[in-house]
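Reviewing the structure listed below.
The values are calculated or read from the model by the stated rules, or taken from the named source; none is laboratory data. Nothing here was measured: the structure is a model prediction, and the numbers come from that model. FYI the Cβ positions are ideal-geometry reconstructions off the backbone, even for glycines, and counts take in every protein chain you see.
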Amino acid sequence: MKKHVLALAAAGALLLATAASFAPSTAVAEEFSKAVGEPLIAAQAAMKKNQWDLALAKAREAAAVSSKKPHEEFAVNELLSYLYTRRGDYASASKLQEAALSSGRIPESQVPARVKALAQAYAQKGNINHAKQIEYGNRYLKSYPGDADMNFLVAQAQFQNGDCRNAVRSAQNAADAARKAGASPKENWLNLKLNCQYKLDDEEGQLVTREQLVRYYPKKETWEPLLMALSNQPETDDRAKMNIYRLMLELGLLEKPDQYLEMAEIAIDQEPGEAAKVIQAGLDNKVLVGRDNDRAKRILNHAQTKAQATQTSLQAMDQKARQDPKGEADVSLGRAYLASGQHDKAVEALQRGLKKGGFKNVDEAQMMLGRAYLKLKQKDQARRAFNAVPDDSKLAQVAQLWGVYATQS
């Protein structure tokens, strides 16, 4: 029987657009029988003319030859898999490509690309197979663990299979890979992780993911649930809650009467000027109405009286604080200046107090300093102040969020 030397694509898998496409890439000269070689040559000729139906018909004609040798079988299947993929018939293409991977004829250097294409092919409409996505996705990631999109493809498949524990890990791997490459994790990656953590009752993990969401996608829908979750934690004391409410007020998220009233009541002893401003804001935006309005006005009158007394004594407090070798008096002075809106004087007093030291709540002083800098629109200094809150402080978590807000404001 007459033989033909036929240049055929024997290996390679490429992605075309967003679909996985198995395409010829490496020319290999081998002898083919006339029964196989001629229809394959005709198929290639048809492809050059964009006659795709004819090309598929000729490839199928070659496939129908029963006496094919292993290299002929491989070449026919390669061409068919490419043509099937181009038509969107991923199911037929995938079966042929799985056989190709098992054939031993694909060069080792091209195997990862084939594996990746298969993982993607099994995510295509009409060919969805979550187990295969996971199998081939993880196989590819052994060679290229930093592929963010592939990590998320695996995470999606794991989520669909009900394996939330591994889906969380894979989604986080995707986020880590993106950050390492200098990109932001995609919002849907983080939302999938959050959804799984909710299903797993992983409250600590949810907080971490919500914080990631506000870092990369700051908006009401990401900030509000995070701050509400933090404020409702049993270990959140009044100092932390007050700073959470302050941040909510800055972000326009303080919407409930109880929030305004509680914030004012926490502040009224040490920051009566701030308490008065909070209540006034609630009255002005019509949140504090009805019985809440009556209570709010009583708090407002009390806060204004105390604030006026503090304002009157500011000069004497300033003189006394400067003479005190310890920083406590300076910090109290900075608190009073901050509550009264004298932000530059607040910075001066707080810096002096922190330099002197000798007082307990250094974390709170750093929070106040950061807020004062923010009011002065000195964002870098504000971030440094928030970052200086010790990690073991009960204000550490909210300080980190104020630092995030400083970056975004």
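Annotations
Here's the yes/no breakdown for (1) touching a residue at least 40 places away in the same chain (Cβ under 8 Å); (2) closer than 21 Å to Asp176 by Cα; (3) touching a His at 6+ places or on another chain (Cβ under 6 Å):
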position: Ala93; (1), (2), (3): yes, no, no
position: Gln97; (1), (2), (3): yes, no, no
position: Gln110; (1), (2), (3): yes, no, no
position: Ala117; (1), (2), (3): yes, no, no
position: Asn127; (1), (2), (3): no, no, no
position: Lys132; (1), (2), (3): no, no, no
position: Arg139; (1), (2), (3): no, yes, no
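- Note on the stretch 373-387: among residues that are within 25 Å of the chain's Cα centre (by Cα) and surrounded by fewer than 19 Cβ atoms within 10 Å (Cβ to Cβ), the one that is farthest from Lys241 (Cα to Cα) is Asp380.
- Residues considered: Ala148, Ala157. Of these, the only one that is within 23 Å of Arg210 (Cβ to Cβ) and either touching an Asp or Glu at 6+ places or on another chain (Cβ under 6 Å) or hydrophobic (A, V, I, L, M, F, W, C) (or both) is Ala148.
- From the options Lys320, Lys326, Lys286, residue that is surrounded by fewer than 16 Cβ atoms within 10 Å (Cβ to Cβ) and either under 38 Å from the mean Cα position of the chain (by Cα) or outside the structural domain of Gln270 (by TED's automatic domain parsing) (or both): Lys286
- The helices (runs of 4 or more DSSP H) found wholly in the stretch 263-341 and carrying at least 3 residues that are basic (Lys, Arg) and within 28 Å of Leu251 (Cα to Cα) occupy 291-312.
- When each of Leu226, Leu249 is tested for being farther than 19 Å from Val389 by Cβ and hydrophobic (A, V, I, L, M, F, W, C), the lone residue that passes is Leu249.
- Under the condition of being free of Cβ contacts under 8 Å to residues at least 24 places away in the same chain and within 14 Å of Ala155 (Cβ to Cβ), the residues counted in the stretch 189-200 number 2.
- One residue alone among Leu200, Leu207, Leu247 is more than 24 Å from Gly146 (Cβ to Cβ) and surrounded by 19 or more Cβ atoms within 10 Å (Cβ to Cβ), and that residue is Leu247.
- Test: Leu54 is assigned to a helix (DSSP H, G or I) and without any contact (Cβ under 8 Å) to a residue 24 or more places away in the chain: yes
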